[in-house]
Amino acid sequence: MPRSSTPRLHRAQGRAPRSPSRTRRASRTVRKHIAQASGPSREEVVATLPDLEVDYGNFPSTAYSVRDLLAASGCFFGRGTPVLIATPADKTMPIAMPLTRHHVVLATHRLARPVRVDGNWKATPVTLPNRVAELYLAMTGEWHLLPLVGITSTPLLSDDGGARVAEGYDAATGLWCAQMPAPCLPERPSRAEAEAALLLLRRAFRTFAFGDAARMFDPSLGVEVVDHRRPMGMDESGFVHGLLTAVCRPSLWLAPGLAIAAPALSGSGVGKGLLARAVSIIAFGSPPRAFTMGNDRAELDKRLVAALIEARPFVFLDNVNGVALRSDALASAMTERPAHVRVLGVSRMVPLNSAAFICVTGNGLTVTEDLARRFLWSELDARMEDPEQRPFAAGFLKQIESRRAEFLAAVLTIWRWGRQNAAELRRGRPLGGFEHWAEWCRDSLLTLGCPDPVERLATLKSRDTRRQRVAEIFELWWAHHGPTPMKVTDLAGALKTAIDPQNRSRQYLARAVQQLAGRERRGSC
């Protein structure tokens, strides 16, 4: 067949392979064009990097050199473990990503040129050995990295009512600041401006079915909404306090979280997750990444610690349905700075400072006594069998996102008014460990007429099944023995059964009674 009649594609497929010399020339041409279009080549960049000698007879010495290199770069931070700031592909809030040995190798090659020096002092480029990276990761407490407290996109606040905007790492607070808006706030807001800001927020969330709120029918929406002409209920107050707390949380040493609950049988679709996401969008500019508790407490603690190490500003535990929430890691993270947690994959406890706002939602949700004082509480109840069938227009979160600057300014107006008039604020009930939070968030809203969410603490504790069981044992003990001291072996049979339903052993019964000692009957009701 004549060559001219052969289709070009077939000629290309049937052509003999290029010679190595032609391939190299073509590759050089491509690299030349890329270098001219995009700047210096990889080889030119590497040539400008400092050498990092890899001593194959002393890997620990090389690991210390890597430690000094990464610490001097300012690109990595300490958060119980070395982390780097990573921005997700969707350009939402960045997270702190724990370094693996592969990250260490890649980072080292970006910052230096690992070489092996022979007897003639000739430096040959090499790949940093994985063993060196593993030794670096094992240097607990010796990384010399800047401490990372958290990641935030809400203004940094101060006691005098100041709000400042930052970008990148803020050394004064230890926070990584990203996508932070500059809200337009009154220099010295009046009480009338604070009240108007509170009303703006209430109107934005009037369609949510706060359980004890006074309601009225809205013909334009075709549903019941919160009646703002009546005093605010405790459930709406819990939400408003949670919203103000979320905005202030990065600037507070400690603060309570927010629990949003609904009835066990008719709570699905009532809007718990929607409310939590709206809080996150106003405070931090993006919806949170929700996670569930898993199959047991151990799995919950693993997921929680992973979320805390990532330094998310809003930690969202969703769908905690029909259980009494209990987590030692959660309790520690909310009331201790630093909290000591166990990092996944290692058998050691590490200190971790957290500025995350914790939000939990669930149907039939209760919390154990040790967590009750750590949460603000808001219950939603649509008072109907199928709440998801209420006729609401779509796009609620889009509206919240588009008006974020307006809502954030309203929240900060209330906060600034409270800080500038701190001496005139109404003081609520004390809440141990959260005194600073009470001054910044709770007392301002109390002065504006919101109920005190701390007053609900006794109700929350009374729902704790362990607390109820202890109360029942004390009542049974009093009914059978009164104030008379008793030996364990002489206890009434019904009382023994209540303490140890499985009738395990006398030693177990004695230990259980010993654990009850020192508890007051009044304090366990």
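Kindly indicate which of ALA213, ALA204 is more than 27 Å from the chain's Cα centre (by Cα), in the same structural domain as GLY395 (by TED's automatic domain parsing) and touching a residue at least 12 places away in the same chain (Cβ under 8 Å). Before the answer, list the steps.
Numbers: ALA204 fails: more than 27 Å from the chain's Cα centre (by Cα).
Just a single option satisfies the conditions, and that option is ALA213.
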Tell me whether the stretch 189-196 contains one or more residues that are touching a helix residue (DSSP H, G or I) at 6+ places or on another chain (Cβ under 6 Å), in contact (Cβ under 8 Å) with a residue 24 or more places away in the chain and buried (at least 21 other Cβ atoms within 10 Å of the Cβ). yes
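Please state which one of VAL149, VAL165 is among the β-branched types (Val, Ile, Thr), touching a Cys at 6+ places or on another chain (Cβ under 9 Å) and closer than 19 Å to ALA283 by Cα.
Values: VAL149 fails: touching a Cys at 6+ places or on another chain (Cβ under 9 Å).
None of the others qualify; the one that does is VAL165.
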So is GLY271 surrounded by 15 or more Cβ atoms within 10 Å (Cβ to Cβ), in contact with a strand residue (DSSP E or B) (Cβ under 9 Å, 6 or more places away or on another chain), small (Gly, Ala, Ser) and at pLDDT 95 or above or not? no
Suppose the filter is in contact with a helix residue (DSSP H, G or I) (Cβ under 7 Å, 6 or more places away or on another chain) and surrounded by 22 or more Cβ atoms within 10 Å (Cβ to Cβ); does PRO287 pass it? no
Can you find a residue in the stretch 293-312 that is surrounded by 24 or more Cβ atoms within 10 Å (Cβ to Cβ) and either at pLDDT 95 or above or in the same structural domain as PRO82 (by TED's automatic domain parsing) (or both)? no
Please count how many residues of the stretch 452-508 are assigned to a helix (DSSP H, G or I), at pLDDT below 70 and surrounded by 17 or more Cβ atoms within 10 Å (Cβ to Cβ). 4
Within the bounds of the stretch 395-404, is there any residue that is assigned by TED's automatic domain parsing to the domain that holds LEU252, modelled with pLDDT under 95, surrounded by fewer than 24 Cβ atoms within 10 Å (Cβ to Cβ) and not in a helix (DSSP H, G or I)? yes
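Report yes if GLU193 is among the charged types (D, E, K, R) and out of contact with any strand residue (DSSP E or B) (no Cβ under 7 Å at 6 or more places or on another chain), otherwise no. I'd like the intermediate steps shown before the answer.
Numbers: among the charged types (D, E, K, R): yes; out of contact with any strand residue (DSSP E or B) (no Cβ under 7 Å at 6 or more places or on another chain): yes.
Yes; evaluated as a whole, the condition is true for this residue.
Working only within the stretch 357-389, note down all residues that are of a type in the set (D, E, K, R) and either assigned to a loop (DSSP other than H, G, I, E, B) or in contact (Cβ under 8 Å) with a residue 60 or more places away in the chain (or both).
Start the filter on the stretch 357-389 by keeping residues that are of a type in the set (D, E, K, R), which leaves 369-370, 373-374, 379, 381, 383, 385-386, 388.
Once the filter is applied, which keeps residues that are of a type in the set (D, E, K, R) and either assigned to a loop (DSSP other than H, G, I, E, B) or in contact (Cβ under 8 Å) with a residue 60 or more places away in the chain (or both), the stretch 357-389 yields GLU369, ARG373, ARG374, GLU379, ASP381, ARG383, GLU385, ASP386, GLU388.
Just checking, which of ALA331, ALA276 is modelled with pLDDT of 90 or more and crowded, with 21+ Cβ neighbours inside 10 Å? Explain how you work it out, then say what you get.
Numbers: ALA331 fails: crowded, with 21+ Cβ neighbours inside 10 Å.
Within the list ALA331, ALA276, the selection yields ALA276.
Would it be correct to say that ALA262 is touching a Lys or Arg at 6+ places or on another chain (Cβ under 7 Å), surrounded by 24 or more Cβ atoms within 10 Å (Cβ to Cβ) and of a type outside the set (Asp, Glu)?
Yes, satisfied.
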Considering (1) assigned to a loop (DSSP other than H, G, I, E, B); (2) touching a Lys or Arg at 6+ places or on another chain (Cβ under 9 Å); (3) among the aromatic types (Phe, Trp, Tyr), say which one PHE392 fails and leave the rest. (2)
All but one of (1) at pLDDT below 95; (2) more than 20 Å from THR413 (Cα to Cα); (3) crowded, with 17+ Cβ neighbours inside 10 Å hold for LEU175; state the number of the condition that does not hold. (1)
Among the residues of the stretch 230-246, is any in the same structural domain as PRO287 (by TED's automatic domain parsing), more than 23 Å from GLN389 (Cβ to Cβ), out of contact with any His (no Cβ under 6 Å at 6 or more places or on another chain) and surrounded by fewer than 16 Cβ atoms within 10 Å (Cβ to Cβ)? yes
Residue selected from the stretch 433-450 under the condition within 25 Å of the chain's Cα centre (by Cα) and assigned to a loop (DSSP other than H, G, I, E, B), by the criterion nearest to LEU376 (Cα to Cα): PHE434
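Kindly indicate whether PHE208 is under 22 Å from TRP377 (Cα atoms) and assigned to a loop (DSSP other than H, G, I, E, B). Reasoning before the result, please.
Details: under 22 Å from TRP377 (Cα atoms): yes; assigned to a loop (DSSP other than H, G, I, E, B): yes.
Judged against the criteria, PHE208 is a match.
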Which one is farthest from MET180 (Cα to Cα) among residues in the stretch 85-105 that are of a type in the set (A, V, I, L, M), surrounded by 15 or more Cβ atoms within 10 Å (Cβ to Cβ) and more than 17 Å from the chain's Cα centre (by Cα)? VAL105
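What are the residues in the stretch 353-373 that are more than 19 Å from the chain's Cα centre (by Cα) and of a type outside the set (Val, Ile, Thr), if any?
Pass one, the stretch 353-373, residues more than 19 Å from the chain's Cα centre (by Cα): 363-366, 368-370.
Within the stretch 353-373, ASN363, GLY364, LEU365, GLU369, ASP370 meet the criteria.
Residue-by-condition table, conditions (1) acidic (Asp, Glu); (2) buried (at least 20 other Cβ atoms within 10 Å of the Cβ):
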site	(1), (2)
ALA339	no, yes
ARG342	no, no
ALA356	no, yes
THR361	no, yes
PHE375	no, yes
ASP381	yes, no
ASP386	yes, no
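The values are calculated or read from the model by the stated rules, or taken from the named source; none is laboratory data. This is a predicted model, so every value here is computed, not measured. Virtual Cβ from ideal backbone geometry, glycine too; neighbours counted across all protein chains shown.
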